[in-house]
Ligand code: ADP
């Protein structure tokens, strides 16, 4: 597996407090990874660095086979380069149908000129149907998004990100507030999505992480404390101490 993203020796200080401390992290193409860690471990700041929202004081963030540095790129350019981010709260257009939400996400890919001239082509409509099938919302294509359940809205937003065909998708606590059945579907969805792109899932729910069945990175005090299978990291004494607050 070739490396898609390489973060090395990155640090971030907020008002003298080191939120990220010499953190290094690598992810390969089409890899699924969970990032866990207690509150304040630096998970959000870590994602903010990758997406360009927060600039590190030191270190490198290198992207793709051309080894481009993301550090001088704007958030918009980083998104265009193929990094998508799903925040915890779904942000879909509630008055629009599932189909139109997905179409809008496809349009976004084409830049301003594309949006002005846009008429959904047969292939776009087909792509939207394929996406809806992938996220489990085919039967809901004509429904207003505002009428969807919380879980369905989360899937729709994942579908909208997939419509933009990212090479890396960052997902923040996708299972929060979901029913057990919705969690199960979300697991399948993320595992499926990671077959053709890298997916990083920040998650608190250990049962959910177990179902993802992927390599886990444990963050603590802004650094990587442990990395490996869930069984490997949860049997690490440092990780046990951190989770038990010792
Ligand atoms: P997590 O997502 O793992 O809970 P965060 O990345 O949100 O952790 O935060 C890491 C640490 O950095 C926390 O101690 C938090 O209080 C601090 N922090 C995060 N953002 C800021 C900020 N803008 N200003 C000051 N401190 C911050």
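The values are calculated or read from the model by the stated rules, or taken from the named source; none is laboratory data. Only a predicted model underlies this, so the values are computations on that prediction, with no experimental measurement involved. Using ideal geometry, Cβ is built from the backbone for each residue, glycine included, and neighbour counts are taken over all protein chains shown.
Numbers at a glance
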item	result
Test result for residue 224, at negative phi, buried (at least 21 other Cβ atoms within 10 Å of the Cβ) and at pLDDT 95 or above	no
Yes/no for residue 188 being free of Cβ contacts under 8 Å to residues at least 60 places away in the same chain and surrounded by fewer than 19 Cβ atoms within 10 Å (Cβ to Cβ)	yes
Checklist (1) outside any strand (DSSP E or B); (2) touching a residue at least 60 places away in the same chain (Cβ under 8 Å); (3) away from the ligand (no atom under 16 Å from the Cβ) applied to residue 84, failing item	(1)
Selected residue (criterion: surrounded by the fewest Cβ atoms within 10 Å (Cβ to Cβ)) from residues of the range 143-156 that are more than 14 Å from residue 100 (Cβ to Cβ) and touching a residue at least 40 places away in the same chain (Cβ under 8 Å)	150
Unmet requirement for residue 165, which otherwise passes all of (1) over 28 Å from residue 21 (Cβ atoms); (2) surrounded by 23 or more Cβ atoms within 10 Å (Cβ to Cβ)	(2)
Of the criteria (1) more than 15 Å from the ligand (Cβ to nearest atom); (2) crowded, with 20+ Cβ neighbours inside 10 Å; (3) over 27 Å from residue 137 (Cα atoms); (4) modelled with pLDDT under 95, which one residue 92 fails	(3)
Subset tally (residues that are in contact with a helix residue (DSSP H, G or I) (Cβ under 7 Å, 6 or more places away or on another chain) and within 16 Å of the ligand (Cβ to nearest atom)) for the range 24-43	5
Among the residues listed as 66, 53, the single one being exposed (fewer than 14 other Cβ atoms within 10 Å of the Cβ), over 16 Å from residue 163 (Cα atoms) and touching a helix residue (DSSP H, G or I) at 6+ places or on another chain (Cβ under 7 Å)	53
Which listed residue, of 61, 10, is within 13 Å of the ligand (Cβ to nearest atom), touching a helix residue (DSSP H, G or I) at 6+ places or on another chain (Cβ under 9 Å) and modelled with pLDDT of 95 or more	10
